[in-house]
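The values are calculated or read from the model by the stated rules, or taken from the named source; none is laboratory data. What you are looking at is a predicted structure, and each value in this text was computed from that prediction instead of being measured. Quick reminder, even Gly has a Cβ in these numbers, built from the backbone with ideal geometry, and neighbours come from all protein chains shown. In case anyone asks, the SASA skips ligands and DNA or RNA and just uses the protein heavy atoms, side chains included. Shrake-Rupley method; radii C 1.70, N 1.55, O 1.52, S 1.80 Å.
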Amino acid sequence: MKIGIIGAGNIGSSLARYFCNLQHTVLIANSRGPETLSKVAEETGATPAAILEVVKGVDLLRDLPAESPIIDTGNYYPLRDGLIDGIGAVMAESEWTSSVLGRPVIKAFNNIMSDSLIRGGRPKGSKDRIALPVSGDDTKAKRFVIALLDNMGFDGLDAGPLSQSWRFEPGTPAYCPDPTLKELPSLLARADRKKAAGNRDQAAKIMAKLPPDFPAQELVRASRFLVGLDVLKPRSWFAMVLLGFAMLRPAQS
């Protein structure tokens, strides 16, 4: 396939690397122009392009309207992004994105850390294969994304219409614990919309205190522990201790 990616951050770059490794043709763009993406191109194999070029003739697109299915991989953090009217009790994040673009979108890849995305793929049927929820109102497009996930080494779960995508936004149990297909449905069902925003903002404050080299997989282990998974594993307790020490640090300027 020919795949277009808008945004060259952790998730965008990780997806570019994955799709290139799977022998897809990948175009990647950001708001600063293709001349700023030489390092990303070298690391991933993707071809830098202007935003208007990325959307032309692609089979799959991340983050901008085109004739192809659009995957919204983003997450809304008010402490970082400022307040956006409509997101929250009125609309899920991706419903707002869809309304701005004027096009249907599929919500996926937003509840996994880039480290897990790069290293977490497993053969089909593996006991510890990570499952990712996929929400949207276009059933055909959801099947397309779930098949793509399988090709990448992940299980995909149809998590309902786009209006239900809040169930795996930041601050919910399904956000970043790398669940299996067996574990994911109960995490989605336990999501509490009234508590999610407070949990999200508290997590953002904790993340601000972490050193840049804090191990990503320790965060995953801590996330699993906090949602009731792996509570009997000593490694999970160790992750919580590391996180506790990090929380005692003063916030980074």
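Could you list, in sequence order, the residues of region 140-185 that are part of a helix (DSSP H, G or I), open to solvent by 20 Å² or more (accessible area, probe 1.4 Å), within 22 Å of residue 93 (Cβ to Cβ) and charged (D, E, K, R)?
Just the residues of region 140-185 that are part of a helix (DSSP H, G or I), to begin with: 140-152, 162-168, 184-185.
Okay, now just the ones that are also open to solvent by 20 Å² or more (accessible area, probe 1.4 Å), so 140, 143-144, 146-147, 150-151, 163-164, 166-167, 185.
From what is left, the residues that are within 22 Å of residue 93 (Cβ to Cβ) are 144, 146, 163-164, 166-167, 185.
Of everything in region 140-185, just one residue is part of a helix (DSSP H, G or I), open to solvent by 20 Å² or more (accessible area, probe 1.4 Å), within 22 Å of residue 93 (Cβ to Cβ) and charged (D, E, K, R), namely 167.
Within region 117-139, does at least one residue satisfy the condition of being free of Cβ contacts under 8 Å to residues at least 24 places away in the same chain, among the basic types (Lys, Arg), out of contact with any strand residue (DSSP E or B) (no Cβ under 6 Å at 6 or more places or on another chain) and more than 26 Å from residue 219 (Cα to Cα)? Break it down stepwise before answering.
Within region 117-139, the first condition is being free of Cβ contacts under 8 Å to residues at least 24 places away in the same chain, and the residues that meet it are 119, 125-126, 139.
Restricting the remaining residues to those that are among the basic types (Lys, Arg) gives 119.
If we keep only those that are out of contact with any strand residue (DSSP E or B) (no Cβ under 6 Å at 6 or more places or on another chain) as well, we get 119.
Keeping just the survivors that are more than 26 Å from residue 219 (Cα to Cα) gives none.
No: region 117-139 contains no residue that is free of Cβ contacts under 8 Å to residues at least 24 places away in the same chain, among the basic types (Lys, Arg), out of contact with any strand residue (DSSP E or B) (no Cβ under 6 Å at 6 or more places or on another chain) and more than 26 Å from residue 219 (Cα to Cα).
The set of residues in region 201-220 that are charged (D, E, K, R) and out of contact with any Leu (no Cβ under 9 Å at 6 or more places or on another chain) contains only 213. Put simply, of 85, 59 the only residue that is surrounded by fewer than 22 Cβ atoms within 10 Å (Cβ to Cβ), closer than 30 Å to residue 191 by Cβ and over 19 Å from the mean Cα position of the chain (by Cα) is 85.
Going by the structure shown, is residue 224 surrounded by fewer than 20 Cβ atoms within 10 Å (Cβ to Cβ), at negative phi and either in contact with an Asp or Glu (Cβ under 7 Å, 6 or more places away or on another chain) or not small (Gly, Ala, Ser) (or both)? If you could, list the steps in order and put the result at the bottom.
Details: surrounded by fewer than 20 Cβ atoms within 10 Å (Cβ to Cβ): no; at negative phi: yes; either in contact with an Asp or Glu (Cβ under 7 Å, 6 or more places away or on another chain) or not small (Gly, Ala, Ser) (or both): yes.
No: the conditions fail for residue 224.
This table checks each residue for (1) under 20 Å from residue 144 (Cβ atoms); (2) among the β-branched types (Val, Ile, Thr); (3) free of Cβ contacts under 8 Å to residues at least 40 places away in the same chain.
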{"site": "6", "(1), (2), (3)": "yes, yes, no"}
{"site": "15", "(1), (2), (3)": "yes, no, no"}
{"site": "31", "(1), (2), (3)": "no, no, yes"}
{"site": "39", "(1), (2), (3)": "no, no, yes"}
{"site": "50", "(1), (2), (3)": "no, no, yes"}
{"site": "54", "(1), (2), (3)": "yes, yes, no"}
{"site": "68", "(1), (2), (3)": "yes, no, no"}
{"site": "75", "(1), (2), (3)": "no, no, no"}
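Is it true that residue 99 is among the polar types (S, T, N, Q), touching a Gly at 6+ places or on another chain (Cβ under 8 Å) and open to solvent by 20 Å² or more (accessible area, probe 1.4 Å)? It is true that residue 99 is among the polar types (S, T, N, Q), touching a Gly at 6+ places or on another chain (Cβ under 8 Å) and open to solvent by 20 Å² or more (accessible area, probe 1.4 Å).
If you go through region 186-208 one residue at a time, how many are touching a residue at least 40 places away in the same chain (Cβ under 8 Å) and open to solvent by 60 Å² or more (accessible area, probe 1.4 Å)? Within region 186-208, residues that are touching a residue at least 40 places away in the same chain (Cβ under 8 Å) and open to solvent by 60 Å² or more (accessible area, probe 1.4 Å) number 2. Note on region 109-139: among residues that are assigned to a loop (DSSP other than H, G, I, E, B) and farther than 15 Å from residue 178 by Cβ, the one that is most open to solvent (accessible area, probe 1.4 Å) is 124.
When residues in region 19-44 are screened for being open to solvent by 30 Å² or more (accessible area, probe 1.4 Å) and over 17 Å from residue 68 (Cα atoms), 12 of them pass. For residue 235, indicate whether it is open to solvent by 20 Å² or more (accessible area, probe 1.4 Å), modelled with pLDDT under 95 and of a type in the set (Lys, Arg). For residue 235, the condition - open to solvent by 20 Å² or more (accessible area, probe 1.4 Å), modelled with pLDDT under 95 and of a type in the set (Lys, Arg) - is met. Answer yes if at least one residue in region 219-234 is of a type in the set (D, E, K, R) and closer than 28 Å to residue 93 by Cα, and no otherwise. Among the residues of region 219-234, at least one is of a type in the set (D, E, K, R) and closer than 28 Å to residue 93 by Cα, which makes the answer yes.
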